[in-house]
Amino acid sequence: MASLAYIQISRICNQNCLFCSNPANGKLISFEKAKKIVDQYAEEGYEGIIWTGGEPTLYPRLAELIGYASGRGLPSRVITNGQKFADLSFLEELIGGGLKHIHLSLYSYKPKIQNYLSQNKDSFANIKKALDNLKGAPVTVNINTAINKLNADHLSGTVGWILENYPAIDHFVWNNLDPLMMKTPDRKLIPRLGDFEVELWRSARLLKSRGKTFRIERVPLCYMDGFEEASTETRKIVKNEGRAVYFLDEKGFFKQTDWYEGGKSSRCSACRLNGICNGLYEMGNFYDEEELYPVFVEKEKIIRKILDEN
């Protein structure tokens, strides 16, 4: 994976997702400040910029920032809810500025669930328009899905809908909810690991059969049987990678090099994957350590799979 850096440019949004990790605070980065951060990342040797928020497509000079980063040798990606890309002319403006890759958030292929989770009655319809506009566009697209209680039983259905209607999309990312990053932790939305284990496995199996790739975040390896090498945290641990983020709040610049953030139960000490597993976020608070169990697969085989991809 390329060494990419993140910049929050907008903490305003056109949705109000129930589990938002970076809720609106009304802030926009100044254009000059954003350029200085791009310059810093270029000097530090990063290989690309990920523009994020809030909703970064609401930043009024996004195309200019993309062009500036491109001029510094940093290709641009954007993490988006896809609402603005329902407007083809706006999408073309960003592509003209040099946009190369889009991480598009889709929680469910079921309109009622997508619209409810995003608190936007037009969310699914706009995402569908955006995906239609992206067909044949000179950008690559990922689908990002936050795993929660309301979509845990149909993750593979969402994957199947994308594969049927938008077969050019090659990469998927699932993020299990991190309650501490939610604006208001709601236990009704936080799944048990067992709620999504089978559906996550079905989704991974389906994507592998179609030659697609995927990553999984905040899920312990004992719930990733047969596709452990897809764990984002495990990959970072094995490859000794970090990440840099500029936040539009009190966190400011943040650099992460330690990926052992999750909790471990007493059972984990017997697990052969303990050294490359991130563990369970918020164990004992929002997630139950009783769901963890040791596995006895070959750690070196997983490490080789990750390193051999380079």
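Yes or no: segment 216-227 includes at least one residue that is surrounded by 15 or more Cβ atoms within 10 Å (Cβ to Cβ), charged (D, E, K, R) and over 25 Å from Y293 (Cα atoms).
no
Any residue that is basic (K, R) and surrounded by fewer than 16 Cβ atoms within 10 Å (Cβ to Cβ) - is there at least one of those in segment 231-248?
Checked segment 231-248: at least one residue is basic (K, R) and surrounded by fewer than 16 Cβ atoms within 10 Å (Cβ to Cβ).
I'd like to verify a number: residues in segment 84-110 that are buried (at least 18 other Cβ atoms within 10 Å of the Cβ), within 30 Å of A152 (Cβ to Cβ) and in contact with a Pro (Cβ under 9 Å, 6 or more places away or on another chain), how many?
0
I'd like to verify a number: residues in segment 9-46 that are touching a residue at least 24 places away in the same chain (Cβ under 8 Å), loosely packed, with under 14 Cβ neighbours inside 10 Å and charged (D, E, K, R), how many?
1
Each value in this text was obtained by applying a stated rule to the coordinates, not by laboratory testing. Note that the structure is a prediction, hence the values are computed from the model and not measured. So basically every Cβ, Gly included, is an ideal-geometry build from the backbone, and we count neighbours across all protein chains shown.
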